[in-house]
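**Q** Next up is a structure, given as structure tokens.
The values are calculated or read from the model by the stated rules, or taken from the named source; none is laboratory data. None of the values given here were measured: they were computed from a predicted structure. Here the Cβ positions follow ideal geometry from the backbone for every residue, glycine too, while neighbour counts run over all protein chains shown. Remember, those area values only see protein heavy atoms, side chains included, never the ligands or the DNA or RNA. Shrake-Rupley method; radii C 1.70, N 1.55, O 1.52, S 1.80 Å.
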Amino acid sequence: MNHFAEQISSGKAALRIDVNGGPARQHIVEDNTFLNYRLAMVQFSTEITKDRPDIVWNYDDPVKDIKYTGSQLILNGFWEEGELNKIMVSMLASEMEKNHLHPFHSSSVVYRDKMIFLVGGENNHGKSMSQLEGCRRGGLIYSTETTVTDDDGLALYGSKNVYIRKRAKGTERSDLPDQDEGVAKFFDKEPKMELTDGPRRIDLAVLPSIDGHFDTQVSRMIVFEAAYQTFHSLMNFYGLNQLLCGKTGLVMPIIDDDERRQVRGKFALKVASERPYYLIRAKTPQILFDEIDKILDTL
């Protein structure tokens, strides 16, 4: 029987996956685009440093199944690469939190020497196009889909893939907008995208909402609303709403617990309390960023 082990890591957090049986392999997944899009700075290694696997995949088991034991995720049977990607995102995000790294579903742009945190929140409607408008005005991309902070809310690093044009089998989504179409709709040409990194304080958080029918609305969020949207951005990685397999109806098991959720809620409140949060509704990213400029003039 073949046996293969690999670790994937982000920052100081590592996730060990062991595969029992199946074909000889060089990696758990051949295409890591989705992992690097959904998380940040994901590295792969066959040099194993963890004593015990976090995921055990029994490839040759005749019955496809998934369960979480409280310390290990057990996969049985054959799993598509896209399904594995979603599972690994949730499990690695959990390991990151245990190592005091907090991934937020968000984009971030450094503009006018300020770090602007574009929060995905509950509805996730406009952060990528808003970020591109920031780039058009001379801003620098800090993160595209995920921003990772420490326990103090200091941004440490972020994902750099602006688009995901290819989804592995098991992650296909016809309901998600065509990003190239969005760029063509809002911009004469694709803005130049330059990157920046290094630890940075988040100066301003914005929940963007872009829709061609919206009148412009700018609302300073109360702390509860800001914490509510921040908590959504933290919970985005745990797969609680994830149907993993359309053929079997298998879902992502709960890998969380009540104690960690309470700590996460307090962390969301801390992040929301330490900087201004705004909801900005606008017809276009250009109008939205005009409003950001006005806010920055007051900071």
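**Q** Consider segment 132-163. How many of its residues are farther than 18 Å from F104 by Cα and either modelled with pLDDT under 95 or not in a loop (DSSP other than H, G, I, E, B) (or both)?
**A** The qualifying residues number 6.
**Q** Within segment 61-82, is even one residue closer than 20 Å to G249 by Cα, open to solvent by less than 10 Å² (accessible area, probe 1.4 Å) and either among the acidic types (D, E) or in a strand (DSSP E or B) (or both)?
**A** Scanning segment 61-82, I find at least one residue that is closer than 20 Å to G249 by Cα, open to solvent by less than 10 Å² (accessible area, probe 1.4 Å) and either among the acidic types (D, E) or in a strand (DSSP E or B) (or both), so the answer is yes.
**Q** Within the set of pairs 6 or more residues apart or between chains, which connect a residue that is under 14 Å from Q286 (Cβ atoms) inside segment 117-131 to a residue that is assigned to a loop (DSSP other than H, G, I, E, B) and not basic (K, R) with Cβ atoms less than 9 Å apart?
**A** G126/D211; M129/F187; M129/T284; Q131/G139; Q131/T144; Q131/V162; Q131/M193
**Q** Is it true that S94 is assigned to a strand (DSSP E or B) and either within 13 Å of the chain's Cα centre (by Cα) or within 24 Å of P199 (Cα to Cα) (or both)?
**A** no
**Q** Here is a further query. Yes or no: segment 107-114 includes at least one residue that is surrounded by 24 or more Cβ atoms within 10 Å (Cβ to Cβ), touching a residue at least 60 places away in the same chain (Cβ under 8 Å) and under 19 Å from S209 (Cα atoms).
**A** Checked segment 107-114: at least one residue is surrounded by 24 or more Cβ atoms within 10 Å (Cβ to Cβ), touching a residue at least 60 places away in the same chain (Cβ under 8 Å) and under 19 Å from S209 (Cα atoms).
**Q** Follow-up question, since we're still on this one. One residue is enough: does segment 97-111 have a residue meeting the conditions outside any strand (DSSP E or B) and at pLDDT below 95?
**A** Among the residues of segment 97-111, not one is outside any strand (DSSP E or B) and at pLDDT below 95, which makes the answer no.
**Q** Also, quick follow-up: Open to solvent by 80 Å² or more (accessible area, probe 1.4 Å) and either in contact with a Leu (Cβ under 7 Å, 6 or more places away or on another chain) or not in a loop (DSSP other than H, G, I, E, B) (or both), is that true of F289?
**A** Here the answer is no, as F289 does not meet what is asked.
**Q** Here is a further query. Report, by residue number, each residue of segment 1-24 that is open to solvent by 60 Å² or more (accessible area, probe 1.4 Å) and of a type in the set (K, R).
**A** Hit for segment 1-24 is K12, nothing else.
**Q** If C245 meets every condition in (1) open to solvent by less than 10 Å² (accessible area, probe 1.4 Å); (2) in a helix (DSSP H, G or I) apart from one, which number is that one?
**A** (2)
**Q** Turning to a different aspect of this structure: Restricting attention to segment 84-100, and to residues there that are open to solvent by 10 Å² or more (accessible area, probe 1.4 Å) and touching a Lys or Arg at 6+ places or on another chain (Cβ under 9 Å), which single residue is nearest to R264 (Cα to Cα)?
**A** Residue satisfying both the conditions and the ranking: E97.
**Q** Any chance you could count how many residues in segment 36-52 are under 9 Å from S10 (Cβ atoms) and in contact with a helix residue (DSSP H, G or I) (Cβ under 8 Å, 6 or more places away or on another chain)?
**A** The number of residues fulfilling the criteria is 2.
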